[in-house]
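Here the structure comes first, spelled out in structure tokens, and everything after it is commentary.
The values are calculated or read from the model by the stated rules, or taken from the named source; none is laboratory data. On a predicted model such as this, the values are computed, not experimentally measured, just so you know. With ligands, DNA and RNA removed, areas are computed over all heavy atoms of the protein, side chains included. Shrake-Rupley method; radii C 1.70, N 1.55, O 1.52, S 1.80 Å.
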Amino acid sequence: MDVGHLIYLLLAGAPAGAALSWAHRTPRGVLRHLCGGMLLLAGLAAGVAVLALSRGAITCAGGWLFVDALSAYHLLILSLVFSVASIFALEYFGDEIARGALDLRRARIFSGLWYGSYGAMMLVFVSNNLGIMWVGIEATTLLTAFLISTHASPGALEAMWKYLLICSVGVAFAFMGTLLVAAATHGAPGLAPPEVLLWTKLREVNHLLDPALMRVGFVFLLVGYGTKEGLAPMHSWLPD
């Protein structure tokens, strides 16, 4: 099997795990499945990362998906955090399960959103296309918003609303920045239309890009993704 196909397998694992969550009949069973599934996905991500670090960049989908040393490092950190947090979820929800406060439906929804968030974040790290990366970032916003309100208290709902409002504005800024970067490539020789948003191609022709559009695009991207990241002073949603 082509090594690049491992990226497809990695991205397909998250929605598959979310779907399988609905096969379990008890909240504890759903959470145990979540732990096991996340550990399997983390192991696969670690394998892809090690291959990228030892054998060089892995690419597929015509270069639109790409794992190099930098993305491999982030995949390892992401998988470690999600794996540890998934194991902790059993303890975190343990008392609620014992009291019957966490029903089967809520456990399935939590598991599906958790898998979905992990998959969306992985898409961001393996994307070589600025547009696909933007889609991944937007998906994380929508999915994690409902994770914030897993316990539908007034504080959680207020935090979710503030998160959605501020981060949606930030992602809109990032979208404008992406369009400006695409516009900056106009007239660059040797750059085909499907390649105008590929990181690797932009790096090769960086000296041919429109400087003014790139500067403005950088500001929009910095403010947009900085808001999503919680970068001060656009971090007001994060404490809640």
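Values as computed for the structure displayed
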quantity: As computed over region 73-165, the Cα convex hull volume per residue (Å³); calculated: 95 Å³
quantity: The chain: DSSP helices with Cα axial extent of at least 18 Å and average Kyte-Doolittle hydropathy no lower than 1.0; calculated: 5-20, 27-55, 69-92, 130-148, 154-184
quantity: Carbon plus sulfur fraction of accessible area for the chain, probe 1.4 Å, in percent; calculated: 71 percent
quantity: Rg over Rh, two decimals, region 195-240 (C-alpha only, Kirkwood Rh); calculated: 1.15
quantity: Shape metrics for the chain, restricted to C-alpha atoms - Rg then Dmax, Å; calculated: 19.6, 66
quantity: Cα-Cα pairs of region 131-226 separated by more than 22 Å (percent); calculated: 40 percent
quantity: E204 accessible area, 1.4 Å probe, all protein chains in place, Å² to nearest 10; calculated: 110 Å²
quantity: Sum of -39500 (n - 2.57) over DSSP H runs of 4+, divided by residues of the chain (222 nm, nearest 500); calculated: -24500 deg cm²/dmol
quantity: Three semi-axes of the equivalent ellipsoid, region 6-57, Cα gyration tensor, whole Å, largest first; calculated: 28, 11, 4
quantity: Surface accessible to a 1.4 Å probe, per residue, for the residues of region 123-240, Å²; calculated: 53 Å²
quantity: Vicinal HN-Hα couplings computed from phi for region 96-101 (Karplus, 6.51 cos²θ - 1.76 cosθ + 1.60; Hz; Gly/Pro x); calculated: 5, 5, 5, 8, x, 7
quantity: Length-normalised contact order of region 62-188 in % [C-alpha pairs under 8 Å, at least 6 apart]; calculated: 24 percent
quantity: Å² of accessible area per residue within region 9-78, as computed with a 1.4 Å probe and no ligands counted; calculated: 48 Å²
